[in-house]
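A short reminder: the numbers here are calculations on the coordinates, not readings from a lab. Note that the coordinates shown come from a computational prediction; the quantities given were computed from them, not determined experimentally. For neighbour counting, all protein chains shown are included, and Cβ atoms are generated from backbone atoms with ideal geometry for every residue, glycine included.
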Amino acid sequence: MKILIVDDSSTMRRIISNTLKTIGQENVVMAGDGVEGMAMLESNPDVELVLSDWNMPNMNGLDFLVKIRETKGKDLPVIMITTEAEKANVITAIKSGANNYIVKPFTPEVLQEKIGPFLK
Ligand SMILES: [Mg+2]
């Protein structure tokens, strides 16, 4: 199952992909912001789950989420990854069609729990 990781921090992208590896998910593609994320979804129509950061340049996570829902409908699960301070924004994200959210920093167990329902 292919997973798209979108985060402007290369360190965070690596942490997320390494964590996914520990739970058996090795098929990942990555992007640094929402603009790159949309391009990645175009070139990888087989992506079945998106994990997206909130704060990013060019196109932030919320705008990315809205764009996904506009262009791809509701079928592609999107999980937002946010910091504790941004937790209030999560309500907005859920209203905008996010399937779930993860608060940074997170353990592999939390990641597994949050993405579990969407794994194939
Ligand atoms: Mg960020």
task: Report, in deg cm²/dmol and to the nearest 500, the calculated mean residue ellipticity at 222 nm for the chain, where each DSSP H run with n ≥ 4 adds -39500 (n - 2.57) and the sum is divided by the residue count.
output: -13000 deg cm²/dmol
message: Tell me which of Y101, L51, L20 sits at the most positive position along the dipole axis of segment 2-118, charges placed on C-beta atoms (Lys, Arg +1; Asp, Glu -1).
response: Y101
- prompt: How far, in nm, would the chain grow between T11 and K95 when pulled straight, counting 0.36 nm per residue and subtracting the alpha carbon separation?
  reply: 27.4 nm
query: So, with +1 on the Cβ of K and R and -1 on the Cβ of D and E, and no other charges, what is the size of the charge dipole of the chain about its Cα centre, to the nearest 20 debye?
result: 220
- prompt: For segment 2-118, what ratio Rg/Rh do Cα atoms give with a Kirkwood hydrodynamic radius?
  reply: 0.91
message: For N55, project a label point 7 Å along Cα to C-beta. Then give me every residue of segment 73-106 with its amide nitrogen under 18 Å of that point.
response: 80-93, 102-106
field: Of K2/K87; K2/K72; K87/K120; K21/K95, pairs whose Cα-Cα distance is over 24 Å
entry: K2/K87; K87/K120; K21/K95
